[in-house]
Amino acid sequence: MTTPLERISAYGRATYDFGAVKLWADVSYGRSQSTYAFLPDIGISPALTISATNPFLSQTIRTTLANAGETSFTLGRFFTGPYSLIYDGTREQKEGAIGIEADLGGGWKANAHFSHGEVDQAQRIRNARIVSRFNAAINAVSSGGQIVCGINADASTTNDDAACRPLNLFGLNAASPEALAYIRGTQQNDTVSKLDSAAVQIQGDLFSLWAGPVTVAFGAESRWEEQKSVSGALDLAGAFGPLNLYGSPVSGGFDVQEGFCRNRAPAARYRGHGQDRYHRRGALFGL
């Protein structure tokens, strides 16, 4: 089995130096799309109860069942072909970042950046069976010389559905296009995930000891992440039965703020050996 996939991607970077300051910017874009038949409808019961008077049966079979005193029989089949589910998915990824690096003089440097990333995903399961409509369509009866859905021929009018078309299950391609259109729908979900981050850092030498400079670095960083997921009305209603894939969309977000401070101080220098020993201290705090 092969899965077709179309993918495009692009990346760009720009930098500009003026004096002790360097500006930079990154941007990237990616998109992938795939459509393929990936699964037969395994959610249908392997043992369907069919009326012995189903008008899609030949008269010979209906007579045989009647003579045997049978009012119904069990039908088992594998729902492939026109009943197979079709996956259609598109994913877009967009990212951008800007930053600055500066030499502040006197052994001090600073840098800062901000970035935004976003993933947009649209997923569709086409040809998905709407359970209530399927159950109505397989209950075919004869009425007025025509084959119709049982819900439109019974004594009750509250369950009528003028759009219902009877479904012929006896044969791979026996179902009419109208009946297939009636029982099928599209599962759908659109999800957007976003991540923003910003950071700043300053580093420099506070003073020098006999063994070397005492260096300090401090800064802060923030991250904001969120996801919004939206499903279709039929998905939320559970209309697609056991294969209802997008019935519980998840949305939410969080943010994190952190700061840090650390220093490095030389403890000793061994002359003639080119070796230095340092003590390092640091702290991390967040909100």
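The values are calculated or read from the model by the stated rules, or taken from the named source; none is laboratory data. Owing to the predicted nature of the structure, the values given are computational and were not obtained by experimental measurement. Note that we place each Cβ from the backbone using ideal geometry, even for glycine, and neighbour counts take in every protein chain shown. Quick note on the areas: whole protein, heavy atoms, side chains included, nothing else; ligands and nucleic acids left out. Shrake-Rupley method; radii C 1.70, N 1.55, O 1.52, S 1.80 Å.
Measure out, as a whole number of angstrom, how far apart the alpha-carbon centroids of the range 193-234 and the range 32-104 sit. Using only Cα atoms to place each centre, the spacing works out to 48 Å.
Ranked from largest to smallest solvent-accessible area, with a 1.4 Å probe on the protein heavy atoms, THR74, THR191 come out as THR74, THR191.
Report the local net charge at LEU180: Lys and Arg +1, Asp and Glu -1, summed over other residues whose C-beta lies under 14 Å from its C-beta. Provide the component values of the computation, followed by the final result.
On the way: positive: ARG126, ARG129, ARG133, ARG165, ARG184; negative: ASP41, GLU178.
Taking every other residue near LEU180 into account, the sum is +3.
Working from the alpha-carbon coordinates of the chain, get Rg over Rh, Rh being the Kirkwood radius.
On the way: Rg = 33.7 Å, Rh = 25.6 Å.
Radius of gyration over Kirkwood radius for the chain works out to 1.31.
Accessible area per residue was computed with a 1.4 Å probe on protein heavy atoms; CYS261 scores about 60 Å². Loop-located chymotrypsin sites (Phe, Trp or Tyr not before Pro) across the range 207-242 with a Cβ neighbour count of 12 or fewer within 10 Å are TRP210, with loop assigned by DSSP.
For ASN111 and SER45, compute 0.36 nm times the residue count separating them, minus their Cα-Cα distance, and round to one decimal in nm. Provide the component values of the computation, followed by the final result.
Values: separation 66, 0.36 × 66 = 23.76 nm, distance 6.24 nm.
So the extension gain works out to 17.5 nm.
Taking every protein chain into account, the accessible area of the chain amounts to 60 square angstrom per residue (probe 1.4 Å).
Lacking any other cysteine beta-carbon closer than 4.7 Å, the following Cys residues of the chain have no compatible partner: CYS261.
Beyond a 19 Å Cα-Cα separation, which of these cross-linked pairs lie in this structure: LYS22/LYS109; LYS22/LYS94; LYS109/LYS194? Too far apart for the 19 Å limit: LYS22/LYS94; LYS109/LYS194.
Before rounding to the nearest 500, sum -39500 (n - 2.57) across all DSSP H runs of length at least 4 in the chain and divide by the residue total; then give [θ] at 222 nm in deg cm²/dmol.
On the way: 4 runs with 28 residues, N = 287.
Calculated from helices alone, the mean residue ellipticity at 222 nm is -2500 deg cm²/dmol.
Between the residues ALA162, GLY105, PRO249, the greatest Cα displacement towards the positive end of the dipole of the chain, with unit charges on the Cβ of Lys, Arg, Asp and Glu, is found for GLY105.
Counting pairwise Cα distances across the range 78-128, what percent come out greater than 18 angstrom?
63 percent
Note on the chain: with neighbouring protein chains present and a 1.4 Å probe, carbon and sulfur make up 55 percent of its accessible heavy-atom surface. Within the shell of other residues whose beta carbon sits under 15 angstrom from the beta carbon of ALA122, the net charge comes to -1, with Lys and Arg scored +1 and Asp and Glu -1.
Using a Förster distance of 25 angstrom, determine the FRET efficiency expected from the C-beta separation of ASP255 and SER9, and round it to 0.05.
Values: r = 29 Å, r/R0 = 1.16.
After rounding to 0.05, the efficiency reads 0.30.
A probe of 1.4 angstrom, applied to the heavy atoms of all protein chains, finds PHE170 with accessible area near 60 square angstrom.
Can you check what the net charge comes to around GLY19, using other residues whose Cβ is under 13 Å from the Cβ of GLY19 (Lys, Arg +1; Asp, Glu -1)?
On the way: positive: LYS22; negative: ASP17, GLU101, ASP103.
Net local charge, GLY19 excluded: -2.
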